[in-house]
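As C-alpha cells, the structure follows; a few thoughts come after it.
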Amino acid sequence: MKALILSGGMGTRLRPLTYTTAKQLVPVANKPILGYVIDHIKDAGIKDVGVIISPETGEEVKKYIDNGRSWGIKVTFILQSAPLGLAHAVTTARDFLKDDDFIMYLGDNLLSHGVKDAIKKFKNESPAALIFLKEVNNPKQFGVAKLDSKGNILKLIEKPKRPPSNLALVGVYLFSKEIHKAIARIKPSFRNELEITDAIQELINMGSAVMSEILDGWWLDTGKKDDLLQANDVVLDEYVKRQIDGDVDSQSQITGRVTIGSGAIIKESIIRGPVIIGRDTEVINSFIGPFTSIGNNVKISDSVLEHSVILNNSTLCGIDRLEDSLIGKGTKVVKRNTHHKALRLMVGDDSSIEV
C-alpha cells in the first residue's frame, strides 16, 4: 500500500499567514500539522509516500520533509499545477500510484489516533474504498454520508439542507485502483473542480463496495484561525508533559504541564500549563496562560498571553493582554501607548504592529 498526502492548495482561509507559509506547515503545539500526518503514515508501516505540492508553497514543503529519512519513508513529490480538486490530485498522482491500493490523507487534518486499524480492515474486507467519518453537530456544513445497517455507504451528499445523518466526511480515504475508473467518469463541479465526493459516489453507482470507518476520537480541520487554535488546545491538553530543559530563575513560577525547550530563558514570569515553549526563547516579566504555544527564538517581555500560537522569531513587548491569537514568524507586536486593552490578532509573517 502507498500513501498520498495532499499538501497543496492556497490556504485562503488562513491568510495572511498562508501568503508566506504552507497551511500544512503551520505548527500545532510547535510541530507542523504535516508532521503529525506523516507520523500516522509511518506508524501504519507505509514506506512509499507521494506528496502533492503546489507551485506557491511546494519548495517549503520539500524543505520540511526533505528526503523523508527522518521518518524512514521514501518520498515522491508531485506538483499539482492548480487547485482543481481532490480527485484531480489523484489523477495528477496516477504515475506514482499505478494500480496499488493507497491511503489519501489531507495534510491539514489532525486525527486523535493513527490509521493502522482502518488499513487492516481495508485489507481484510477488500472494498473499493473505505471512508473515514465523524459525528458532527453541524452536518449541513460538510459532506455527509448515508449508511446501511452494515456501515456501507449508500450515498454522499455535499452540504445537505436536510442531512440524512450527522456523519461528516473526514479528510482521510482508503482506495483501491477502482477509484481511477470512477474519476474518469465524473465531470468538474460548479467550482470547476474534480470532487472526490463525486468520485466516491460514482464508485457506489458502479456497484462497488464503499465502507466506512467512524472515528471515536477527535478530528480537527485546521483550515481557519479558530480551528487551528482549537487544534492547539486539544493537542496541548493531550500530549504536553512537564519537561523543563531551559533555564528558569527562582522568581518564576511554572505550574502544570509545561514544556520548555533547551536554551530557553524564563525570568520573573508565571507560566501555567498546558504550554509549550520552544528552543532559545526568552520570557521576561510576563504571564503565559494555558493553551499557548510559543515557537523557537521568540522574545516576550512585560506581556500577558494565553490561548495563542506564536511562531518562530517573533517579539512581543509590553502587551497588556493577548488572547485567541495567531502570530506569524518574525513578527513584532509592541506597545506604544498607555491604553490597557485585550488584543485578538491574526498576523502574517514578518509584520510589525504597534498598539
For this session: Report whether or not residue 337 is in a loop (DSSP other than H, G, I, E, B), modelled with pLDDT under 95 and either out of contact with any Leu (no Cβ under 8 Å at 6 or more places or on another chain) or under 30 Å from residue 112 (Cβ atoms) (or both).
Result: yes
How many residues of the stretch 155-172 are modelled with pLDDT of 85 or more, more than 29 Å from residue 46 (Cβ to Cβ) and in a strand (DSSP E or B)? The answer is 1
Residues in the stretch 127-145 that are touching a Lys or Arg at 6+ places or on another chain (Cβ under 9 Å) and open to solvent by 100 Å² or more (accessible area, probe 1.4 Å) total 2
Practice task
Kindly indicate whether residue 248 is in contact (Cβ under 8 Å) with a residue 12 or more places away in the chain and open to solvent by less than 10 Å² (accessible area, probe 1.4 Å).
Solution key: no
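Looking at the structure I just gave you, is residue 112 out of contact with any helix residue (DSSP H, G or I) (no Cβ under 7 Å at 6 or more places or on another chain) and at positive phi?
Details: out of contact with any helix residue (DSSP H, G or I) (no Cβ under 7 Å at 6 or more places or on another chain): yes; at positive phi: no.
Criteria not met by residue 112.
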Checked pairs for the stretch 78-96, first part of a loop (DSSP other than H, G, I, E, B), second not hydrophobic (A, V, I, L, M, F, W, C), C-beta under 6 Å and 6 or more apart or across chains, list as 80/8; 80/92; 83/9; 84/193; 85/193; 85/195; 93/50
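Checking the condition modelled with pLDDT under 90 and hydrophobic (A, V, I, L, M, F, W, C), which residue from 3, 82, 44 passes? Before you say what the answer is, go through the steps one by one.
On the way: 3 fails: modelled with pLDDT under 90; 44 fails: modelled with pLDDT under 90.
Answer to the selection: 82.
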Condition (residue is among the polar types (S, T, N, Q) and surrounded by fewer than 21 Cβ atoms within 10 Å (Cβ to Cβ)) applied to the stretch 99-113: is it met by at least one residue? yes
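Residues in the stretch 288-296: is at least one out of contact with any His (no Cβ under 9 Å at 6 or more places or on another chain) and either among the aromatic types (Phe, Trp, Tyr) or open to solvent by 60 Å² or more (accessible area, probe 1.4 Å) (or both)?
Quick first cut of the stretch 288-296, residues out of contact with any His (no Cβ under 9 Å at 6 or more places or on another chain) only: 288, 293-296.
Of the ones still in play, those that are also either among the aromatic types (Phe, Trp, Tyr) or open to solvent by 60 Å² or more (accessible area, probe 1.4 Å) (or both) are none.
Checking the stretch 288-296: not a single residue is out of contact with any His (no Cβ under 9 Å at 6 or more places or on another chain) and either among the aromatic types (Phe, Trp, Tyr) or open to solvent by 60 Å² or more (accessible area, probe 1.4 Å) (or both).
Restricting to the stretch 173-193, give me the number of residues that are touching a residue at least 24 places away in the same chain (Cβ under 8 Å) and not in a loop (DSSP other than H, G, I, E, B). Spell out how you get there, then give the answer.
Quick first cut of the stretch 173-193, residues touching a residue at least 24 places away in the same chain (Cβ under 8 Å) only: 173-183, 186, 188-189, 191-193.
Within this subset, residues satisfying the condition of being not in a loop (DSSP other than H, G, I, E, B) are 173-175, 178-183.
Qualifying residue count for the region: 9.
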(1) among the acidic types (Asp, Glu); (2) over 23 Å from residue 44 (Cβ atoms); (3) within 21 Å of the chain's Cα centre (by Cα) all hold for residue 148 apart from (3)
Over the stretch 298-315, the set of residues part of a loop (DSSP other than H, G, I, E, B), more than 12 Å from residue 30 (Cα to Cα) and open to solvent by 30 Å² or more (accessible area, probe 1.4 Å) is 302, 313
When (1) open to solvent by 60 Å² or more (accessible area, probe 1.4 Å); (2) part of a helix (DSSP H, G or I); (3) closer than 24 Å to residue 23 by Cβ; (4) not charged (D, E, K, R) are applied to residue 124, the one that fails is (3)
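So in the stretch 179-200, with the set limited to residues that are crowded, with 20+ Cβ neighbours inside 10 Å and within 24 Å of residue 121 (Cβ to Cβ), which one is farthest from the chain's Cα centre (by Cα)?
Going residue by residue through the stretch 179-200, those that are crowded, with 20+ Cβ neighbours inside 10 Å are 179, 182-183, 194-200.
Filter again for within 24 Å of residue 121 (Cβ to Cβ), leaving 179, 182-183, 196-197, 199-200.
On the way: 179: 25, 182: 28, 183: 26, 196: 19, 197: 20, 199: 24, 200: 23 Å.
The extreme case among them is 182.
The values are calculated or read from the model by the stated rules, or taken from the named source; none is laboratory data. Everything numeric in this text was worked out from a predicted model, so none of it was measured. Positions of Cβ are generated from backbone atoms using ideal geometry, with glycine treated the same way; all protein chains shown enter the neighbour counts. To get the accessible areas, we keep the full protein, side chains included, count just its heavy atoms, and leave off ligands, DNA and RNA. Shrake-Rupley method; radii C 1.70, N 1.55, O 1.52, S 1.80 Å.
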